[in-house]
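Comments concern the structure below.
The values are calculated or read from the model by the stated rules, or taken from the named source; none is laboratory data. As the structure is a prediction and not an experimental result, all values here were calculated from the model. Every residue, glycine among them, receives a Cβ derived from its backbone with ideal geometry; neighbour counts consider all protein chains shown.
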């Protein structure tokens, strides 16, 4: 009776597999779609999980989200845990830069953030989809959340070096969407009315389709798209006789040839569609909440792992301290470092495992935070949060999802990956700002360069202990079904692996967490076998 | 030099009209789209606005948003202002119900809200688009804002009494969107490839369109829509080898005949597209901030206007007090009451003006807040905010945009208008809850009826001083260009009118504010002529 529907469905899912769960949900009157609410099942360990089995100790190598999740969940079951972290803070790539943050990259360049109090940038992950278990940990750890604005009709899209009149013209997201959907509806309605799809559609289907297209594209009863209010007005509707004048639509040919409309697939992505969330005050609130829950006495900061091995009855891990290297032993270890970092550390892992760790393909990403002495995107452009996207080297700008109407604000001036991230990474921090401002001016004009009070940029490829933003598994090594990948899903002796790279949510904290949970389950199954 | 771009553009807009502004923005390198950032221009009065012209007094009839905006802006210019409000609170339809709120409707039914501390429902307006000047007053009055979740891919859509397999099946917003867009893309790509649109499109256009459609609809290289991850998974992508299994798509015929896809026009609306905002703590934070800025000594609550007239040298307004009717005089009055209410109050207004006030068409709206002892929409369904929409009598459910992860939560169980609102309005509060729960169970199952700890429902048609949610101007009386409407845009003697009904943003606070600003300008122009 006290069992919740979710518990019940989870149980069914665990014992019967997805097919049974599917069927059961149907019997409960739930739809197949409701099933999408089920996050990967996991049953936390209980305090008596090790009852009668003595003490079991685990060394966690890496205090990122995967390592801390593993430590946190093992502690629930009474395991003895030590976390070794090379940095002087928890979280790994989950990193929030605020006033006073100092960072020296692998090239020796040091930046100290001069942001105002309350201003911050999430240099790593910045958004959490609703279905990600990351939110469950926010709840469990008491980290309050607020909306991350991943989509905004009033933000801008910008494409240059494209054919047609929209080349180099910043345009509102809503205007592009209205036009793209409007022309799509017009063309399909015309084709349908002219019988071009009679082989595909019944008469009833055609009627239903036309009805849908009129709504979807805001086309008129002659199936023509003639613009309209959803794309914006100048002037806007106001008092008395001011009904507003819709801004004129772009030409069909200009619109589609600009590629601007191709942006909208982003916001329909499984893990990018609104609603999205962020911790209030910075993503690292999660990292610090994990660290606090684990306890300072179990955490070693500035503890760079320099060697690890299986021993006859457990593991031994050597790490740096202020007084030179120190070796600790335990029953098990979890290697929760990025695989390409782990691959470089001396160990007695099988050669195949080391090769697998080193076989990943790295992706770089970069971000710059730019603080302005006023929130001109709100004041001048009426943009409250959201993403402005460009096909230039900046990739994406993030209008901040916090501090609305405040005295100052911090834009993410670029969030880019791959070649664009490498381009900025090769610049000095000062040069990065100069370039980002030059690119931003193309979209927002001179205001983009005015009133800048602080900036901070991150290049993940040149960040010690990361050396990449995330990794992928190349097809050449079998992707995520190949022998290399599979070799890391089980223990090598008493040493396990965890991280988002061992999940199908790579680059998401969800991947790190679910991977760590799987490792916790593996260890506990072995201990209690 | 100190002039901001916005000030400059506004000045150009004021002196040269929209055409000049448009042109100027082009010269500044801004696009036409950027113009959409300009809210209706308004220059607040300054403290010396009445210098040398003596005291000028204004009675404001109605302490809703229009009346309070007028009072607030007139005070800036040194006018003497008195606000007469029939209710015991400011805000009019801007009304937040929380623990202890008591309300008796025109039928004599009394409800007292038993919500938990921190829980509330906005019985009237609940959301603010980015471009609405309402946000400017939040900033000016120090009312902090947060995101209102007007769109959520994981909320549900529900249609019954429709043809096909989706009749009566609650489905995820994201699944419907993926399928509707996918099939749209497939059909148009096929028609285009088969030459059906050769008369409309050049070869280059066709290539650009196909590229767009592949992105937009997630169709494959054969231009077929075969579902995919954006619509949801069961199981979801997780750790190790769990790549996730996309939920199977609905059939094209079922999808379009269900009319589910017709919902998406809502979220593309000029004033409904994300991002949207709300005051933290309840919409009435705006009302109380206005009231505080105006000052309690200028506010008369429980002051129902029972008569008003032009006099030889000004106005006289009679209102109720605990000690019987009282008459106050002033140079001017602003009638900021709903027009159909104003039409019933004795006055010496011209017959045509009274007829115009009474010529509006009223729309009813209803809402119910239901507090649950747990946030099952987050816990069981992973729905964090957003709107679940149905074609049943509930219309829309709002998943709350505040209190995420909290102990309890308050759903808006219905937000409906017209006949559906009247249907619920005819029920007792207890019956409304019973019916709303029965309808909600169709979508969310038994959980919708479990753990309800409090509820409160509002029927605007039976609310004294409102008697409607909003009004419109019927075509039979010329709509918003007819003589009746126009007669209210100028003073009748010394009496002016203000309210959202005298704007092209009816039912929005933006309309009330812009209308009130226009009235303030009219009065001050007359005084300083």
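The table below lists the values:
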quantity: In segment B:441-458, the residues that are touching a strand residue (DSSP E or B) at 6+ places or on another chain (Cβ under 6 Å) and either free of Cβ contacts under 8 Å to residues at least 24 places away in the same chain or within 14 Å of another protein chain (Cβ to nearest Cβ) (or both); calculated: B:443, B:451
quantity: Scope segment A:436-475; condition touching a helix residue (DSSP H, G or I) at 6+ places or on another chain (Cβ under 7 Å), assigned to a helix (DSSP H, G or I) and crowded, with 16+ Cβ neighbours inside 10 Å; matching residues; calculated: A:437, A:440, A:447, A:448, A:449, A:461, A:462
quantity: In segment A:480-498, residue nearest to residue A:276 (Cα to Cα) [restricted to those that are more than 10 Å from chain B (Cβ to nearest Cβ), in a loop (DSSP other than H, G, I, E, B) and touching a strand residue (DSSP E or B) at 6+ places or on another chain (Cβ under 9 Å)]; calculated: A:491
quantity: Matching option when the condition is crowded, with 24+ Cβ neighbours inside 10 Å, over 29 Å from residue B:405 (Cβ atoms) and either at pLDDT 95 or above or under 26 Å from the mean Cα position of the chain (by Cα) (or both), among B:105, B:179; calculated: B:179
quantity: Among residues of segment B:260-275, those that are surrounded by 19 or more Cβ atoms within 10 Å (Cβ to Cβ), closer than 15 Å to residue A:218 by Cα and within 7 Å of another protein chain (Cβ to nearest Cβ), counted; calculated: 6
quantity: In segment B:157-170, residue farthest from residue B:130 (Cα to Cα) [restricted to those that are facing another protein chain (nearest Cβ under 8 Å) and touching a residue at least 24 places away in the same chain (Cβ under 8 Å)]; calculated: B:163
quantity: Members of segment B:258-286 that are assigned to a helix (DSSP H, G or I), free of Cβ contacts under 8 Å to residues at least 60 places away in the same chain and closer than 17 Å to residue A:174 by Cα; calculated: B:265, B:268
quantity: One residue from A:126, A:118, A:52 being farther than 22 Å from residue A:276 by Cα and either assigned by TED's automatic domain parsing to the domain that holds residue A:397 or in a loop (DSSP other than H, G, I, E, B) (or both); calculated: A:52
quantity: Qualifying residue in segment B:195-204 (condition: within 32 Å of the chain's Cα centre (by Cα), more than 9 Å from every other protein chain (Cβ to nearest Cβ) and in a helix (DSSP H, G or I)); calculated: no
quantity: Pairs where the first residue, in segment A:239-250, is in contact (Cβ under 8 Å) with a residue 60 or more places away in the chain and the second is part of a strand (DSSP E or B) and buried (at least 18 other Cβ atoms within 10 Å of the Cβ), C-beta under 8 Å, 6+ apart; calculated: A:247/A:233; A:250/A:171
quantity: Failed condition for residue A:355, given (1) touching a strand residue (DSSP E or B) at 6+ places or on another chain (Cβ under 8 Å); (2) touching a residue at least 24 places away in the same chain (Cβ under 8 Å); calculated: (1)
quantity: For residue B:514: the one exception among (1) assigned by TED's automatic domain parsing to the domain that holds residue B:130; (2) buried (at least 19 other Cβ atoms within 10 Å of the Cβ); calculated: (1)
quantity: Selection within segment B:299-318 - within 30 Å of the chain's Cα centre (by Cα) and surrounded by 15 or more Cβ atoms within 10 Å (Cβ to Cβ); calculated: B:299, B:300, B:301, B:303, B:304, B:305, B:306
quantity: Residue match in segment A:499-507 (condition: under 22 Å from residue A:111 (Cβ atoms) and buried (at least 23 other Cβ atoms within 10 Å of the Cβ)); calculated: no
quantity: Qualifying residue in segment A:217-231 (condition: in contact with a helix residue (DSSP H, G or I) (Cβ under 7 Å, 6 or more places away or on another chain), in a helix (DSSP H, G or I) and facing chain B (nearest Cβ under 7 Å)); calculated: yes
quantity: Hits in segment B:134-147 - residues which are facing chain A (nearest Cβ under 9 Å) and within 15 Å of residue B:271 (Cα to Cα); calculated: B:135, B:147
quantity: Sole residue being part of a helix (DSSP H, G or I) and touching a helix residue (DSSP H, G or I) at 6+ places or on another chain (Cβ under 6 Å), chosen from A:166, A:255, A:157; calculated: A:255
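One line per residue, one yes/no per condition, for (1) crowded, with 24+ Cβ neighbours inside 10 Å; (2) touching a helix residue (DSSP H, G or I) at 6+ places or on another chain (Cβ under 6 Å); (3) not in a strand (DSSP E or B):
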{"position": "A:341", "(1), (2), (3)": "no, no, yes"}
{"position": "A:355", "(1), (2), (3)": "no, no, yes"}
{"position": "A:368", "(1), (2), (3)": "yes, yes, no"}
{"position": "A:374", "(1), (2), (3)": "no, no, yes"}
{"position": "A:383", "(1), (2), (3)": "yes, yes, yes"}
{"position": "A:389", "(1), (2), (3)": "no, yes, no"}
{"position": "A:393", "(1), (2), (3)": "no, yes, yes"}
{"position": "A:403", "(1), (2), (3)": "no, no, yes"}
